[in-house]
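Structure record follows, encoded as structure tokens.
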Amino acid sequence: MPSRPVIAYLFTTFPKSTETFLQREVRALLALGVELRLYSMRGGGGEFEGCPVRRVPGWKRISLLWWLPWLACCRPRTLATLVHGFAAGRGLSRLNLKENLLGLSFALTHVSHFRRERPAHVHAVWGGAPAAAAWLLWRIDGHPYSGAGHAYDLYRNGGDPWLRQKLAPALFIHTSTEMGRRTLIEKGLDDARIHVIRRGLNTLPPLKPLRSGRTPLHLLGVARLVPKKGLEHQLRIYAALRDAGLTFEARIAGDGPLRADLEKLARELGLADSVRFLGHVPQEGVVELRVWADVLLHTGVVAPDGDRDGLPNVIPEAMAAGVLVVTSPAAATTEAITDGVTGRVVPPEDAQAWVACLRELRDDDALAQRLRVAARAWVEHNFDATCNAACLAELYRHHTAPVR
């Protein structure tokens, strides 16, 4: 029997504890019989579902000493394109610069490896470092590839200024939200090659029963402690709940650079007894928190640097389990949460509106149950990892099929 075509998957870091959605995607593709080769450019490594994750050893970068002169001699147009890109990107943010340098160095240090392995297709899971690597491998040796753009690679610091250059030659482009699709089109990429394929859950949890009474109200936030999560707004909402006499317990799972500032604000607001910062919580711990929680709060905003969420996976994960969701209207959250249908949508700066909303969700069992059932139906229809991975697998099959 002929061997299955090999798809090389390029990650910035894999596996990564805060990117379980990528692990679920890989798991579903492997279960569907897709032959994957996994590459992690920074950190990660080891083995995943029996598949080795090839991590880049630092010593390999010494090979840049001969690959850069080779590029100048044998691929001068490619080198000129890179030099022109760096010159044109004088305003390039430090993050985007580091991402692109990481991807380009990965490609140059792995030219021989990819010539030897010759995968049928290369897929870059992000528009930053992985897309830079896939683009350069294509320029050097013609490896067919696809790319992706989802959230920070589209928006943070204005988005990657080289994104269009890197993704224009891609056979297809994967994004997980309609918001991402619109942004990619605005950046000049071909609508016909952009495919909206959502992330997903490998298995759906049982829909837990609605907790009767819901006093005190159990409130949960699951987020990295970074500006785009709008957690200052969330703390002020908790203070408004207390002032309104609505009893609650709140837990915030996640860590990040803003933790000290947020804990200080919580103390200043007098929330030390009702809000617990849990730090990083492993996935099994988050599952237990969803069993405890009545409502998931998402107070996302557009950060000063332009960064924003796509559709945070914690939202459909909560919807699947039967946790009510109240979200801000920022980014693509409203692709899953339709106000009054699958959850509630409230501006994060309007603390009194959140108080009224949460009081209603506490007191109105019929409303709460209707939202939970509709939310679960949305997840079943839109967020099944096997179904969504099958759409990706079909794209790979189409683009690796032999030409007749």
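Values in this text are rule-based calculations from the coordinates and carry no lab data. Being a predicted model, the structure only gives us computed values, none of them experimental. Don't worry about glycine lacking a Cβ; one is built from the backbone with ideal geometry, like all the others, and counts go over all protein chains shown.
What's the Cα-based Rg to Rh of the range 203-254, Rh via Kirkwood? Don't skip to the end; give the middle numbers.
Details: Rg = 13.6 Å, Rh = 12.9 Å.
Rg/Rh: 1.05.
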Quick check on the exposure proxy: order W292, W126 from fewest to most C-beta atoms within 10 angstrom. W292, W126
Intensity falloff of the range 309-404 expressed as log10 I(q)/I(0), Debye formula with alpha-carbon point scatterers, at q = 0.10, 0.12, 0.17 Å⁻¹: -0.35, -0.46, -0.75
Where the centroid of each part is defined by its Cα atoms, how far is the range 98-172 from the range 233-258 in Å? 41
Per-residue ellipticity at 222 nm attributable to helices in the chain (runs of n ≥ 4 DSSP H, -39500 (n - 2.57) apiece, nearest 500 deg cm²/dmol) works out to -13500 deg cm²/dmol
Sort all Cα-Cα distances of the range 182-272 into consecutive 10 angstrom bins from zero, then give the percent of pairs in each bin up to the one containing the longest distance. 12, 30, 24, 22, 11, 1
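With Rg and the Kirkwood Rh both taken from Cα atoms, where does Rg over Rh land for the range 217-382?
Using Cα coordinates only, the ratio equals 0.93.
Going by how many other Cβ atoms sit within 10 Å of their own, how do K16, K166 line up, fewest first? List each step's numbers first, then the result.
On the way: K16 15, K166 26.
The order, fewest Cβ neighbours first, is K16, K166.
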Between the range 275-292 and the range 305-344, the alpha-carbon center distance in angstrom: 18
Around R55, which amide H atoms from residues at least 5 apart in sequence, or from another chain, sit under 5 Å from its own amide H, with H modelled in the peptide plane? S40, G46
Show me, for the range 29-43, the HN-Hα J-couplings you get by feeding each phi into the Karplus relation (A = 6.51, B = -1.76, C = 1.60, θ = phi - 60°), rounded to Hz, glycine and proline as x. 5, 4, 5, 7, x, 6, 8, 10, 10, 9, 10, 10, 7, 8, x
List the residues whose amide H sits under 5 Å from the amide H of H123, counting only those 5 or more places along or on another chain, with H placed 1.01 Å from N in the peptide plane. A8, Y9, L10, S146
Rounded to the nearest 10, the angle in degrees between the Cα long axis of helix 129-141 and the longest principal axis of the Cα atoms of the chain comes to 20
Got the relative contact order for the range 289-404 handy, in percent, Cα pairs under 8 Å and 6 or more residues apart? 23
In whole percent, what relative contact order does the chain give with Cα contacts below 8 Å and a gap of six or more residues? 15
Check R276: other-chain or 5+ apart residues with amide H under 5 Å from its amide H, H built from backbone geometry? A250, R251, I252
Taking every eigenvalue of the Cα gyration tensor of the chain, multiplying by 5 and rooting it, what semi-axes result, largest first, whole Å? 41, 23, 18
³J(HN,Hα) across the range 181-188 via Karplus (A = 6.51, B = -1.76, C = 1.60, θ = phi - 60°), whole Hz, x for Gly/Pro? 4, 4, 5, 4, 5, 4, 7, x
For the chain, set up a GNM with springs between Cα atoms under 10 Å and report which of H218, H121, H113 has the largest fluctuation. H113
Karplus-derived 3J(HN,Hα), 6.51/-1.76/1.60, for each residue of the range 4-17, Hz, glycine and proline x: 6, x, 8, 10, 8, 9, 9, 10, 6, 9, 8, x, 10, 4
Within the chain, the percent of DSSP beta bridges that are antiparallel, given to the nearest 5, stands at 10
Pick out which of V287, V379, V122 has the largest mean-square fluctuation in a Gaussian network model of the chain, springs linking Cα atoms closer than 10 Å. V287
